[in-house]
Each structure stands twice: as structure tokens, then as C-alpha cells.
Amino acid sequence: MATLSFKEVKKTYPGGVAVIHGLDAEVSDGEFIVIVGPSGCGKSTLMRMVAGLETVTEGGILIDGKMVNHLEPAERDIAMVFQNYALYPHMSVYENMAYGLKIRGLSKDDIRDRVSVAADILELSHLLDRRPRQLSGGQRQRVAMGRAIVREPKVFLFDEPLSNLDAKLRVQMRLEIQKLHRRLRTTSLYVTHDQVEAMTLAQRMIVMNAGVAEQIGTPAEVFEKPASTFVAAFIGSPPMNLIPVRVDTLGRVRDEKGVGLNVPGRLVPNHMQDKECILGIRPEHMRLHTTGIPMEIEMVEILGSEQLVHGRHGETSIVVRCPVNETAKNPLQIGETIEVGDDGIHPLHWFDRATGKRIED
Ligand SMILES: Nc1ncnc2c1ncn2[C@@H]1O[C@H](COP(=O)(O)OP(=O)(O)O)[C@@H](O)[C@H]1O
Ligand SMILES: [Mg+2]
């Protein structure tokens, strides 16, 4: 068990490509942290720096308060699970899990004990003699995790470990990883580009955008109070509606063309007068046929009991998520303009248009 700290960590690849721009984060002992962000934002680079597979350009990475920047991977007491399991094809499941321990010189008995415990946890005991090619994708993934578990490391690193699995198996493995963490309580850093995976697995998450931590918080904090328009658009499906508006000196909300939108004054924070900003409303917090924002309907997607009503207000796309029965009596016509608005229950979100940062109310 261990804590993990990032102090102003920067990474520039040879040739001057700056990828991580000064990350500060603290992972507590036993915590499960998910780093989530789009492809190319620097997630793998960060993991590889923690593992010691990549140098740290500036700043420090500390495990249990001790700087590890210059330690070899083998000296860091970390185990990493990759997307492409990287199993040895010519070795059995048992040998794959035992190999790292053999290299480290553990006795045969110790190795047998550790592999047997890990195989038991991961329900691999009946597969120990098989070769990787005789396993399903999910089983291979479990062997890769087994290989990490037997090392009893201070920290687990997972780099998109489920991206090669189909959707159903991913959900199942997510549950297994949660169970595993509840049982072992090993400090874990888990990387994914999938916001649903991040929301369901994380105790806290770090939302990354182009090498910068946009927000660090629990899934609920990040969802309810996104720190920027990037986070607002990245977390949640469909993403939050982001409508460029201007609040006038009397606190009235106008769209980009100066047309007044019927947003009740009580929902506009007091210090917002005379500001260019972005109004954020989650699709599931909107209603059809209310006073508010005129929207021309472009498409309706029926999801079952719910529907996504897509439309636009001027240049801005808007999605409303609502029960199907809401429009049963009055079917929506494509091309028709209706008014949509907030549900009067959930708070609205306001962002500074210039910086994209959240405006606190
Ligand atoms: N060895 C390397 N040399 C130069 N640039 C790299 C190297 N590895 C990754 N990059 C660049 O760093 C950025 C972040 O990559 P990566 O950490 O793999 O992102 P992610 O895992 O979030 O998809 C990308 O723009 C990528 O092209
Ligand atoms: Mg990656």
C-alpha cells in the first residue's frame, strides 16, 4: 500500500513535443483514481512515467513520499496492466503469472502460493495449464491482471485494460475490477478514454485535456459541477448543451443575435450582469414545450422509454432527453420550432466564454 504524488510533472518528448504541462495530483493510500481524457491527451505518457518506462522532464513523482524519478522500473514496486495484455504466447497461464516472480528469485513454494491465490480471486484456477491462444479475450485480460496481482505491488497501473473487449464483457470486467479493489485495497491508477468507465470505476477522477488536469474530483462532483466547458462536454452522455449567450445589465439572457431567451432570472447568478458566457444545461434536465429557448427540431431518436430530441437554436445544437410518453399525444414534427427549457429543478451551469471556466454561483 502506498500514496502516489505528482508534483508539477512535465513531459517533453525529444524533438520538443510538450505533452504534460505541469500535473499536480495526490493519490491516497488505497485509493482508486481514474485518469480520463480523449485519445492523445497524454494518459499513457503519464502512466509510463509512473512505471519508469519514460523519463520525467521536470517535476517529481513520489511513491510513499519518496521521489522515484530516477529509480529503475523494477525498483518502483509497481505493476502495470496494458491494453494489449502482452502475455507470453508460448507459456501456460501458470507460467505467465509465475514468470515475474521467478525472475525476482522467489522460491517455488512462494510462487505456487501467490499464483494459486491470484488464480482463485480471478477464477482462473481451472485454466492454469492453458496457453493464451486457448483463452477468450476476457480470460486473457484476467491473466494479465493475475500477473500484476501476484507481484503484490504498492501501486497498480491500468492503461485502458478493457478496450479490446466487447461491450458486454467490459461491463462484467468493470465489476470484477471493482471487486478486486475492494478486496486488495491496492492504490490504483486507471486510465481510460471512456467516460462511462471512468464514472463507474473511480473513487476520484482526473479529467485530462491536452496534457492538463482540467478537474480532479469524485464522479459526482465532476458531473454536478464541471470546472470547464471541456469537462461539461466530456462527462455525460449525450453531452451537456452549451449555449453561447450574453447576460445584459438587467440580468436578462440574450442569444448571440441579441434575441431574448426566456431564462427565469432566479436561475441567473447575481454577479453575471453584462457578461459574455456559455449557458450549460444537461439534456436530461430539459423539458419540451416550455418557455425558454426556441429550437428547430432536426431529429428524434427513440431509445425505448426515453427519446433524444435533437435540434438547433441558430448555430447551436441542442439535445433534450425526455420520456417518450411526453410527446405521445402531440408527436413532434421535423422542422417544427418549439420552445425548450430547464426543468426548474436542476441548477443551470454558467461558464466564462473567453476562458471556458465555470462561473461559481
Ligand atoms: N515516444 C514519443 N515521442 C514523441 N511523441 C510521443 C511519443 N509517445 C507519445 N507521443 C505523443 O504524445 C501525445 C500523448 O500521447 P499518449 O500519452 O499516448 O496519449 P493517450 O494515452 O492519452 O492517448 C500524443 O500527441 C503522442 O503523439
Ligand atoms: Mg494511451
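Read the figures in this text as sums done on the coordinates, not as results from a lab. Because the structure is predicted, anything quoted here is derived from the model rather than measured. A quick note on method: Cβ atoms are made from the backbone with ideal geometry, for glycine too, and the neighbour counts reach across all protein chains shown.
Miscellaneous remarks
- Residue-wise HN-Hα coupling along region 200-209, computed from phi with Karplus coefficients 6.51, -1.76, 1.60 (Hz; x: Gly, Pro): 7, 8, 6, 7, 9, 10, 10, 8, 9, 9
- Bridging of LYS179 to lysines at a Cα separation below 23 Å is possible for LYS154, LYS168, once same-chain residues fewer than 8 apart are set aside.
- Here is the tail figure for region 15-117: Cα pairs spaced more than 17 Å apart come to 65 percent of all pairs.
- Descending Cα extents along the principal axes, region 158-229, whole Å: 32, 26, 22
- 5 angstrom amide H check on VAL245, placed H, neighbours 5+ away: CYS277, ILE278, LEU279
- Listed by chain and number, the aspartates and glutamates whose C-alpha is less than 18 Å from the C-alpha of LYS225, apart from same-chain residues fewer than 8 away, are GLU214, GLU284, ASP342, ASP343, ASP352, GLU360, ASP361.
- Its alpha carbons considered, region 194-253 gives a radius of gyration followed by a Dmax of 13.7, 44 Å.
- Distance from region 25-69 to region 292-312 (C-alpha centre basis), Å: 41 Å
- Of all complete DSSP H helices in the chain, those with a Cα span along the helix axis of 15 Å or greater and a mean Kyte-Doolittle hydropathy of 0.0 or more are 93-103.
- Antiparallel content of DSSP bridges confined to the chain, in %, to 5: 75 percent
- Paramagnetic label zone (point 7 Å from Cα along Cα-to-C-beta, VAL117; backbone N under 17 Å) in region 170-206: 180-187
- The average projected area of region 191-292, computed from the convex hull of its Cα atoms over all directions, is 7.7 nm².
- One equal scatterer on each Cα of region 238-352, no solvent, Debye formula: the resulting log10 I(q)/I(0) at q = 0.21 Å⁻¹ is -1.14.
- Here LEU250 and SER163 are evaluated by their C-beta separation; at R0 = 45 Å the FRET efficiency comes out at 0.35.
- Mean Cα-pair separation over length for the chain, i.e. relative contact order, pairs under 8 Å, 6 or more apart, %: 15 percent
- With the convex hull drawn over the C-alpha atoms of region 1-63, the volume per residue is 79 Å³.
- Computed over region 1-130: relative contact order in percent, which uses C-alpha pairs under 8 Å that are six or more apart: 21 percent
- For the chain, alpha-carbon Rg over 2.2 N^0.38 Å: 1.19
- Amide H contacts of TRP350: GLY280, ILE359, each under 5 Å away and 5 or more positions distant or on a separate chain (H built 1.01 Å from N in the peptide plane; Pro and chain starts excluded).
- Taking other C-beta atoms within 10 angstrom as a stand-in for reagent exposure, HIS346, HIS285 fall in the order HIS346, HIS285, fewest first.
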